[in-house]
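Remarks on the structure that follows.
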Amino acid sequence: MPRYELCLILKAMQRPEIAAVLRRTVETLFERGAIVRGLDNLGERRLPYKISKHDCRHSQGGYFSIDFHSSPNIISGLLEHLERDIDVLRPTVLKKDIETSKAQCCGSSSETSKQTSLH
């Protein structure tokens, strides 16, 4: 299963309300078969521009990142679900690259020796 990062901007709320939104979001991921690897609170800050969502204009928001593995088939349904959530201002899913080890990286000593032996 590919690895994804869900970046969320939530409307400005108190801590218990934020916890409830994050719990709902993680439970939604679990229900759809995802494996959650981590959740990061990136803090609350002023939005770069005002966001109008569900008949309200927001200038402050909480930024969160959820790292997860899932099937690519669930991503569009997940985004539709999050767009309907009145507490989520902006959901974005990014596909994370697989980290390459030094042995897989081009220019490693084993590959260089193979190339020189061919000439």
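Nothing in this text is a laboratory measurement; each read-out follows from the coordinates by a stated rule. Quantities reported herein were computed from a predicted structural model and do not represent experimental measurements. Virtual Cβ from ideal backbone geometry, glycine too; neighbours counted across all protein chains shown.
Here are a few things to note about the model shown:
- Segment 5-93 shape via C-alpha gyration tensor axes, a/c threshold 1.5: prolate
- Segment residue 92-residue 23, extension gain: residue separation times 0.36 nm, minus the distance between their alpha carbons: 23.1 nm
- A simple rule links phi to the HN-Hα coupling: the Karplus curve 6.51 cos²θ - 1.76 cosθ + 1.60 with θ = phi - 60°, which for segment 90-97 gives 8, x, 9, 10, 10, 7, 8, 6 Hz, with x for Gly and Pro.
- For residue 44, the residues 5 or more places off, or on other chains, whose built amide H falls under 5 Å of its own are 63.
- Rule-of-thumb Rg ratio for segment 2-57 [Cα; 2.2 N^0.38 Å; N residues]: 1.30
- Amide hydrogen neighbours beyond the local backbone of residue 37, cut-off 5 Å, H modeled: 67, 68, 69
- Given their separation in residues at 0.36 nm each and the Cα-Cα distance between them, residue 41 and residue 14 gain 8.3 nm when the chain is fully extended.
- Here the Karplus relation 6.51 cos²θ - 1.76 cosθ + 1.60, evaluated at θ = phi - 60°, turns the backbone of segment 17-33 into coupling constants of 5, 5, 4, 5, 5, 5, 4, 4, 5, 5, 4, 4, 4, 4, 4, 8, x Hz, with x for every Gly and Pro.
- Amide H contacts under 5 Å for residue 60: 12, 47, restricted to partners 5 or more places along the chain or on a different chain, H placed in the peptide plane at 1.01 Å from N.
- Ordering of 36-48, 16-28 by packing [mean C-beta count within 10 Å, highest first]: 16-28, 36-48
- Around residue 68: net Lys/Arg minus Asp/Glu count, Cβ-Cβ under 9 Å: 0
- Under the Karplus curve 6.51 cos²θ - 1.76 cosθ + 1.60, θ = phi - 60°, whole-Hz ³J(HN,Hα) for segment 41-49, x wherever Gly or Pro sits: 8, 8, x, 9, 8, 5, 6, x, 8
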